[in-house]
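The values are calculated or read from the model by the stated rules, or taken from the named source; none is laboratory data. What you see is a predicted model, and the numbers here were worked out from it, not measured in a lab. When we count neighbours, we look across all protein chains shown, and the Cβ atoms used for this are built from the backbone with ideal geometry, even at glycine. What goes into the accessible areas is simple: the full protein's heavy atoms, side chains included, and nothing from ligands, DNA or RNA. Shrake-Rupley method; radii C 1.70, N 1.55, O 1.52, S 1.80 Å.
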Amino acid sequence: MMKEGTHLTLNDGREILLQDDADISLSICSDHEALCAYPFTCPSGGYGGGTLLLSPSERYLIFSFFSGESEEGFSLFQIEDSRLVPLFDSEYFYGEGASYFFSDDEKILFQSLLGGFGPWYVEDAYQDEEDAPYFEYGEINILDVKSQSLSRHKFHVYPSEAWEEEIDGPSYVSEITDGNILHVTMPWGEETLTLPLPETIVLHQDKEGS
């Protein structure tokens, strides 16, 4: 479980603050004294707000932000002593309600941008080459922390006859088991995927899950 907010307290009592009333800055403080300050410039597209997330080991800090126009981005920092060392800056991705998950060794970071744009009317769905309807249900982006390489993986969901257009609920990576089995929570139940992921993940939804 990652600590999240605009004011985070480390186990040793130091604090990490996000200040974005005017200019955007991230700082590490101790006893109300700033130990470091990192001015931040978000991607073009504007800034609608953001939050901080701390990895379980407290080695990494995620700054997750959004444009206010259904776009989400993030920056990853390593916490070294009392410094924030930038490791990776993403562009804005289309989506809302991004969530984040680290592998147990914190070598891989997952960003989930799934669902969030309902209602999902079948008559408005895309059509494949066999005229079967499907929804572009978002994506999971995977960052290799060491190489700083990001891969993007789109989700196509094929609705069943029991599909509910008002379907809503959490969609996020929940855990990794056996080293390569990715568990993804969807509104209709859990999906299990095998890493590495293909560029496009195809899911067939039904009453009892895919």
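For the reader, a short list of remarks on this structure follows.
- Exclusive hit being hydroxyl-bearing (S, T, Y), touching a Lys or Arg at 6+ places or on another chain (Cβ under 6 Å) and either under 23 Å from P170 (Cα atoms) or touching a residue at least 24 places away in the same chain (Cβ under 8 Å) (or both), set S55, S70, S30, S90: S30
- Yes/no for A37 being farther than 28 Å from E175 by Cα, among the small types (G, A, S) and in a strand (DSSP E or B): yes
- Remark: T51 falls outside the filter, which requires a residue to be exposed (fewer than 14 other Cβ atoms within 10 Å of the Cβ) and not charged (D, E, K, R).
- For the stretch 196-210, the set of residues classified as exposed (fewer than 13 other Cβ atoms within 10 Å of the Cβ) and at pLDDT 95 or above consists of P196, P198, E199, T200, listed by residue number.
- Tally, over the stretch 137-186, of residues that are in a loop (DSSP other than H, G, I, E, B), open to solvent by less than 60 Å² (accessible area, probe 1.4 Å), more than 26 Å from L76 (Cβ to Cβ) and out of contact with any helix residue (DSSP H, G or I) (no Cβ under 7 Å at 6 or more places or on another chain): 4
- Residue within the stretch 151-161 that is over 21 Å from D89 (Cα atoms) and without any contact (Cβ under 8 Å) to a residue 40 or more places away in the chain present: yes
- Residue count for the stretch 81-102, restricted to those that are in a strand (DSSP E or B), among the hydrophobic types (A, V, I, L, M, F, W, C) and open to solvent by 20 Å² or more (accessible area, probe 1.4 Å): 4.
- Restricting attention to the stretch 103-131, the residues that are surrounded by fewer than 12 Cβ atoms within 10 Å (Cβ to Cβ) and under 30 Å from F65 (Cα atoms) add up to 5.
- Top-ranked residue of the stretch 4-33 - restricted to ones that are farther than 20 Å from P86 by Cβ, in a strand (DSSP E or B) and not acidic (D, E), ranked as most open to solvent (accessible area, probe 1.4 Å): H7
- Selection of first residues in the stretch 111-122 that are outside any strand (DSSP E or B) and of second residues that are open to solvent by 50 Å² or more (accessible area, probe 1.4 Å), restricted to Cβ pairs under 6 Å at least 6 apart or on distinct chains, gives the following pairs, ordered by first then second residue: G116/E96; G116/G97; G118/D168; P119/E165; P119/E166; W120/E165; Y121/E165.
- Residue check, Y134 in contact with a His (Cβ under 8 Å, 6 or more places away or on another chain) and open to solvent by 10 Å² or more (accessible area, probe 1.4 Å): yes
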